[in-house]
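J.: I am attaching a structure below and will ask some questions about it afterwards.
The numbers here are math on the coordinates, done by the rules we state, and not lab data. All values derive from a computational prediction rather than experimental measurement. Here Cβ is always computed from backbone atoms with ideal geometry, including for glycine, and neighbour counts include all displayed protein chains.
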Amino acid sequence: MKYKWLNNKNNKKMIIFFNGWGMDESVVGHLNPADFDIIMFYDYNTPDIDTEIISHYKEKHLIAWSMGVMTATLFNIYYKSKTAINGTLKPIDNKFGIPTKIYDLTLKNFSPDGAKKFIQNMFSEPRELTCIKREFENQKQELEALKNYQANADFKYDRIIISDNDKIIPTKNQCAYWNLEPNVKSGHCPFYLFKNWEELL
């Protein structure tokens, strides 16, 4: 697993962002950090992080998106608040996530064109994210690695954000898992509805 500081100003508060599969900071680069330091974890080819780099922060908040919702539960970090965005603790699941057949077919037939289509399907309206700097083979390996992870079932999120038009992790499956209704009008990537990180806490 890799990390990148999106804001590192020696603030007392921090937000830990677990990104979605195949992504980099492009989807959240417009969000204002205000008085939070922001660290992003991504590239889930290996399930390990160095928690020492964040140990001195007294106040930590979690924002996890998509596959990051499950991945964030693998680590013993105390958070003041925890937000899950368009993900579940069973992200590859016929009832509560991406149906297993679709996931396996995606992996089997994965191609550069498939990666481009995935990005297009993240949004309710057509949008290009040509600035994502992740190599194709790295994305494919991550897709395969995520099949082997299992969430900590005891992990509890405080806030759940569910888009009403999610074409990646079906909205109805998210609603079934959380027993909630959709609460934002968006596709899988809802970040462009917000201007700053604090709105997501």
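J.: Suppose the chain between Ile102 and Asn45 were pulled fully straight at 0.36 nm per residue; how much longer would it get relative to their current alpha carbon spacing?
T.: Roughly 18.5 nm would be gained on extension.
J.: So for Ile53, Ile85, fewest C-beta neighbours within 10 Å to most, what's the order?
T.: Fewest to most other Cβ atoms nearby, the residues stand as Ile53, Ile85.
J.: Continuing with the same structure: Residues in region 4-35, backbone N under 11 Å from the label point at Asn138 (7 Å along the Cα-to-beta-carbon vector): list them, ranges by number please.
T.: 22-25
J.: Restricting to DSSP H runs of at least four residues, report the calculated mean residue ellipticity at 222 nm for the chain, -39500 (n - 2.57) per run over all residues, nearest 500 deg cm²/dmol.
T.: The helix contribution divided over the chain gives -5500 deg cm²/dmol.
J.: Once you have the Cα-Cα distance between Ala153 and Lys4, take 0.36 nm times their residue separation minus that, and quote the gain in nm to one decimal.
T.: Extra length available between Ala153 and Lys4 comes to 50.9 nm.
J.: What is the packing order of peptides 23-30, 193-200, 105-112, taking the mean over residues of other C-beta atoms within 10 Å and listing the highest first?
T.: 23-30, 193-200, 105-112
J.: What share of Cα pairs, in percent, lie more than 30 angstrom apart in the chain?
T.: Here the tail beyond 30 Å accounts for 14 percent of pairs.
J.: If you don't mind, another one. Given charges of +1 on the Cβ of Lys and Arg and -1 on the Cβ of Asp and Glu, with all other atoms neutral, how large is the dipole of region 2-200 about its Cα centre, in debye to the nearest 20?
T.: Using Cβ point charges on Lys, Arg, Asp and Glu, region 2-200 gives about 260 debye.
J.: What residue among Thr51, Thr71, Thr83 shows peak mean-square fluctuation when the chain is described by a Gaussian network model with Cα springs under 10 Å?
T.: Result: Thr51 has the largest fluctuation of those listed.
J.: Now, a different point. Pop out the ³J(HN,Hα) list for region 60-69 in order, Karplus 6.51 cos²θ - 1.76 cosθ + 1.60 with θ = phi - 60°, rounded to Hz; leave Gly and Pro as x.
T.: Karplus-based 3J(HN,Hα) across region 60-69 equals 10, 10, 10, 10, 10, 10, 6, 5, x, 4 Hz.
J.: I would also like to ask the following. Provide the FRET efficiency to the nearest 0.05 for the Asn109-Tyr192 pair, computing r from the beta carbons and using R0 = 35 Å.
T.: Approximately 0.75, to the nearest 0.05.
J.: What residues qualify as long-range amide H neighbours of Lys82, i.e. H under 5 Å apart, gap of 5 or more or another chain, H built at 1.01 Å from N?
T.: Leu62, Asp158, Arg159
J.: Next question, about the same structure. Would you mind calculating the gained length between Asn11 and Lys185 on full extension (0.36 nm times residue separation, minus the Cα-Cα distance), in nm to one decimal?
T.: Result for the pair: 59.4 nm of gain on full extension.
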